[in-house]
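Worksheet: the structure to be examined is printed underneath.
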Amino acid sequence: MTRQERKERERAQRRQVIVNAARELAEAEGWESVTTRRLADCIEYSQPVLYSHFGGKDAIVSAVAVEGFSELAAVLHNARVTAGSPDAEPRAVASAYLEFARANPALYEAMFTRRVDLTFAGSDTPAPLHAGFAELREALAPLAGDRDAETFTEVAWSGLHGLATLSQAGRLRPAFYDQRLAMLVDQLGTARA
């Protein structure tokens, strides 16, 4: 290994330490607790080291979000391929999506509600964001019928996101989780144009 390769590897490792620490701190105490000063103290790096990797908190949150999309894509892919049948895929993927949001509230917040410097649905969108959306689209496309599959998936995703955020905020009756999920998936499958 050359000196340059070693430096690049060490830089990538430092970057990952920063991302991991931000995520752990956010999951434990919320994103408001994640500051560059606090991160520097947690990982025993100076603030200039953090700024040599990230322009600020928004860039760190963006890096956490990109990792989250990779994880979400893997979770949705696993749910889709283990669903047992194409007819079971929409519900399996929808359920996996909601469980991911429930199990990772700070990560989900970074991915979908916090300010990030990521482009969604564009040519410069990071690959993990495309991958997560592609898994949703793959599972839901059969329900779209003659409707545009991308737009249909965006609408379905909006419904899932609404259920996830309202549930996390305690705005929905917990005992009716299964009914809401079934109702959403059933509605998506009706009125195929």
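The values are calculated or read from the model by the stated rules, or taken from the named source; none is laboratory data. On a predicted model such as this, the values are computed, not experimentally measured, just so you know. When we count neighbours, we look across all protein chains shown, and the Cβ atoms used for this are built from the backbone with ideal geometry, even at glycine. The accessibility values were calculated without ligands, DNA or RNA, using every heavy atom of the protein model including side chains. Shrake-Rupley method; radii C 1.70, N 1.55, O 1.52, S 1.80 Å.
Taking every residue in the range 50-67 that is touching a residue at least 24 places away in the same chain (Cβ under 8 Å) and closer than 15 Å to Arg14 by Cβ and pairing it with any residue that is of a type outside the set (A, V, I, L, M, F, W, C) and open to solvent by less than 40 Å² (accessible area, probe 1.4 Å), at least 6 positions away or on another chain, the pairs with Cβ-Cβ distances below 7 Å are Leu50/Thr36. Quick one: in the range 148-177, of everything that is over 28 Å from His130 (Cα atoms) and part of a helix (DSSP H, G or I), which residue is least open to solvent (accessible area, probe 1.4 Å)? So the residue we want is Phe176. All of Leu98, Leu188 fail the test of being over 26 Å from Ala65 (Cα atoms) and out of contact with any Asp or Glu (no Cβ under 6 Å at 6 or more places or on another chain), apart from Leu188. Residue check: is Ala127 farther than 19 Å from Gly159 by Cβ, open to solvent by 40 Å² or more (accessible area, probe 1.4 Å) and at pLDDT 95 or above? Criteria not met by Ala127. Kindly indicate whether Ala63 is of a type in the set (Gly, Ala, Ser), modelled with pLDDT under 95, open to solvent by less than 60 Å² (accessible area, probe 1.4 Å) and in a helix (DSSP H, G or I). Taking the combined requirement at face value, the residue does not satisfy it. Only residues that are among the small types (Gly, Ala, Ser) and at pLDDT below 95 were counted across the range 66-91, and they come to 3.
Taking the options Arg15, Arg6, Arg23, name whichever one is of a type in the set (Lys, Arg) and closer than 30 Å to Gly159 by Cβ. Unique residue meeting the criteria: Arg23.
The residues of the range 69-105 that are open to solvent by less than 10 Å² (accessible area, probe 1.4 Å) and closer than 20 Å to Ala169 by Cα, listed by number, are Ala94, Tyr97, Ala101. Select from the range 138-147 the residues that are surrounded by fewer than 20 Cβ atoms within 10 Å (Cβ to Cβ) and in a helix (DSSP H, G or I) and write down the one among them that is nearest to the chain's Cα centre (by Cα). By that ranking, first place goes to Glu138. Of all the criteria given as (1) outside any helix (DSSP H, G or I); (2) within 30 Å of Ile60 (Cβ to Cβ); (3) touching a helix residue (DSSP H, G or I) at 6+ places or on another chain (Cβ under 7 Å), the one not satisfied by Ala83 is (2).
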